[in-house]
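The next block holds one structure in the form of C-alpha cells; read it before the comments.
The values are calculated or read from the model by the stated rules, or taken from the named source; none is laboratory data. This one's a predicted model, so the numbers in the text were calculated from it and none came from an experiment. Every residue, glycine as well, gets a Cβ built from its backbone with ideal geometry; the counts of neighbours run over all protein chains shown.
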Amino acid sequence: MTEATEIPVIGNDKVTTVSIPVKATRRIVLCNECEDGSYRRSTKRKVRVGNSPTDPVLIPHECKECGHEAFIEAAWVELVWENANLDASRNMLRDQYGHAGVISLIWARTHNFGIGHKGDLPWGRDFPTDLKWFKAVTTHNPKALLVVGRETYEGLPPLPDRQFAVLTTSVSEKTPIDGTEGNGYYYPDIPTLLEEHSETDLIVIGGGHCYKQWFAMADVVYETIIYGSYPVDVFCPMLNADNFTNLDSHCVKNCDDTGKPVVFNIWLSNRAKGSIEEHIIRDRWNFKVEEKLFPEKFTTISE
C-alpha cells in the first residue's frame, strides 16, 4: 500500500480545474508545478484517510507534462451530463489507465467469423471495395493510431499517412519501428500503450489474437461480412446484438462483380451506451457507410 506521505497531497481548496465545454463535461485538475500540464490517474495505489467508509479517499495522479505526482481527494472528479449513467464503465483496464480516446476494431469476416487463412485473407484480393472501406475508416481521423500484432504488421502492404502501434513480446519497452522514428513504435503490452496514449483514438486492425485482447475494450466495431464458402483458420470474436447496437448498415449486392453480396456494419458497444463518453464517440465517428464507400454520391456541386 502506498503511503500518502510519499506523494504531496493537494487539498480541495488548492485544486484548480478547467471545464472542457463538450456535450459531456469533465473537470480537469491543472498541475500545481507547471503552467501547461494537468493531472491524470497514476498506476499507484489509492489511499483512504482513516478507517471509516465515509473518510476521504486520496487518488494518486501524475502530470502529463512535467511528471509531478500528487494525491488528490476523489471528490475533485466531477462529471456533468444530463441523464448520464455515471456508474457505466467501458472496461476496468481502460479505467485504470484513464484512457479517454475512442477504441475501434475493424475486420472483414466470412459468415462464420473467419478472417484469415494461411496468413492471408480467405478471399484474397477479390473485394477492392472492402479495401476502400478499410482505407476510409483508418484515415478518417489522422491522429488515430492503428494497433496491430507484429506478425500481421509484417504482412501488411504499405499504408501511407497512418501511424502504427505494434504489439509484440520481442521488446521490453516502447521501441521505434525499424530503429527510427518513422511510422510508429513497438509496444511490449497493452498497459504500456494505454498509458502512453491515454487520449488517443486507437483502431485495432488485427490479427485474431489482437482482436480477442481488445474486444472487451472496443467502443466501435467496423465490420465487413463477405458471404461465400472460404477456407479459414483464424477467427474474430463473435459480435451480436446483445452486446452491440447497430449504428449503420449497407449492403452492396454483387460486390466487385463477384456475384456475392457484402454487408458493411458500424456497431456501438452497449457498454458505451449511457456512459459519459457516448456523445464523444458518436461525434468523432458519426459518418455513414455509404458516404465513405461512394463519396461521389454525396459531393455537392457548386454552381
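Restricting attention to segment 126-177, and to residues there that are among the β-branched types (Val, Ile, Thr) and out of contact with any helix residue (DSSP H, G or I) (no Cβ under 8 Å at 6 or more places or on another chain), which single residue is modelled with the lowest pLDDT?
Narrowing segment 126-177 to residues among the β-branched types (Val, Ile, Thr): 129, 137-139, 147-148, 152, 166, 168-169, 171, 175, 177.
Within this subset, residues satisfying the condition of being out of contact with any helix residue (DSSP H, G or I) (no Cβ under 8 Å at 6 or more places or on another chain) are 138-139, 169, 171, 175, 177.
Numbers: 138: 95, 139: 93, 169: 92, 171: 92, 175: 92, 177: 89.
Of everything passing the filter in segment 126-177, 177 is modelled with the lowest pLDDT.
When segment 213-237 is limited to residues that are out of contact with any Ser or Thr (no Cβ under 6 Å at 6 or more places or on another chain) and aromatic (Phe, Trp, Tyr), the one that is surrounded by the fewest Cβ atoms within 10 Å (Cβ to Cβ) turns out to be 227.
Each residue in segment 29-68 was checked for being modelled with pLDDT under 70 and either closer than 17 Å to residue 6 by Cα or part of a strand (DSSP E or B) (or both), and 1 pass. Condition check: among the hydroxyl-bearing types (Ser, Thr, Tyr) and at pLDDT below 90. Does residue 180 satisfy that? So residue 180 passes the test.
On the stretch given as segment 139-165, residues that are within 21 Å of residue 118 (Cα to Cα), in contact with a strand residue (DSSP E or B) (Cβ under 6 Å, 6 or more places away or on another chain) and without any contact (Cβ under 8 Å) to a residue 60 or more places away in the chain total 3.
For the structure I just gave you, tell me whether residue 190 is surrounded by 13 or more Cβ atoms within 10 Å (Cβ to Cβ) and in contact (Cβ under 8 Å) with a residue 40 or more places away in the chain. Full working, then the answer.
Details: surrounded by 13 or more Cβ atoms within 10 Å (Cβ to Cβ): yes; in contact (Cβ under 8 Å) with a residue 40 or more places away in the chain: yes.
For residue 190, the condition - surrounded by 13 or more Cβ atoms within 10 Å (Cβ to Cβ) and in contact (Cβ under 8 Å) with a residue 40 or more places away in the chain - is met.
Taking the listed residues 206, 184, 155, the one that is small (Gly, Ala, Ser) and within 20 Å of residue 218 (Cβ to Cβ) is 206, with no other qualifying.
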